[in-house]
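A short worksheet on the structure shown next.
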Amino acid sequence: MLMNVNKISNLFSSATERTTKKDMDKEAFLKLLITQLKNQDPLEPMKDRDFIAQMSQLSSLEQIMNMSKSVQTFVDTAAQLYRTQAVSMIGKTVVVKTNTITVQNGIPETKVFKVDRPSNIVVRIYDQNGKLVKEQKIGQVDAGMQLLAWDGKDENGVKVSDGKYVFKIIRLKEDGTSEEIPSVESGVVNGVQFEGTKINLVVNSKIYEISEISEIYA
């Protein structure tokens with residue numbers, strides 16, 4: 001199972017910050033201890049137990065720093081492995097869960113969804129700001145694969161601008177509640193893109209985040 005790349009990135013950042021902080025803490029602690037030893041009263045030198053206690057604190061800092069370095073090494077290795085696994089998906093067929101629909105030259109792309117039983121379906125389409133553009137009442141459909149064919153018009157019958165929109169396929173239940181049904185599409189992975197810690201897959205000439213992949217086939 002692939003580790004989420006965003007989690008890897010966050011873990012890497014945290015490990016780096018902790019390592020830097022521990023280095024600073026260790027250096028400051030040593031300076032403080034040396035200064036204390038230089039300036040202690042010869043008639044009242046530091047007691048053995050106090051000195052041992054401070055050295056124990058220094059030892060703990062050293063262990064934490066080493067642990068942070070180990071975590072960072074693990075993060076680096078995991079990130080590289082994750083990239084390698086992503087590249088190995090090229091040529092494989094994948095199923096993508098998606099909730100975005102693109103309108104190009106005034107024509108929306110067709111989407112597919114699946115219902116496991118006869119259902120009353122409503123589709124709601126939103127712009128990138130979350131504003132409802134169109135509510136399309138599809139009505140009762142049979143179990144199986146279904147097409148979502150939006151005419152590219154808003155509630156007032158006006159053609160929308162080209163771009164990406166977000167849609168939700170809602171199944172209305174008899175008890176008055178509802179549930180969202182994911183839209184899916186399949187295709188062959190023909191490329192991988194790396195944007196910093198973000199990994200995208202190119203499927204059917206479309207770009208998807210790797211987190212949108214729900215199934216992989218040889």
**Request:** May I ask you to evaluate 6.51 cos²θ - 1.76 cosθ + 1.60, the Karplus curve with θ = phi - 60°, for each residue of the stretch 181-187 and list the ³J(HN,Hα) values in order in whole Hz, giving x for glycine and proline?
**Result:** 10, x, 8, 10, 8, 10, x
**Message:** Tell me the accessible surface of Ile210 in square angstrom (1.4 angstrom probe, heavy atoms of protein chains only), to the nearest ten.
**Reply:** 20
**Asked** Roughly to the nearest percent, how much of the accessible area of the stretch 68-218 is carbon and sulfur, given a 1.4 Å probe?
**Response** 49
**Ile90 paired with Lys159, simple spin-label distance in nm, labels 7 Å along Cα-to-beta-carbon** = 3.9
**Fill in**
Rounded to the nearest 10 Å², the accessible area of Lys31 using a 1.4 Å probe with every protein chain kept is 120
**Item:** Rg in Å to one decimal, and Dmax rounded to a whole Å, for the stretch 122-218 via C-alpha atoms
**Value:** 16.3, 47
**Request:** Please go through the residue pairs Lys97/Lys173; Lys97/Lys131; Lys92/Lys173 and name each one whose alpha carbons sit more than 28 Å apart in this structure.
**Result:** Lys92/Lys173
**Request:** Multiply the residue separation of Gln140 and Asn120 by 0.36 nm, subtract the distance between their alpha-carbon atoms, and state the gained length in nm to one decimal.
**Result:** 6.8 nm
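The values are calculated or read from the model by the stated rules, or taken from the named source; none is laboratory data. Small disclaimer: the values here were computed from a predicted structure and weren't measured. So basically every Cβ, Gly included, is an ideal-geometry build from the backbone, and we count neighbours across all protein chains shown. Please note that ligands, DNA and RNA were not included when accessible areas were found on the heavy atoms of the full protein model with its side chains. Shrake-Rupley method; radii C 1.70, N 1.55, O 1.52, S 1.80 Å.
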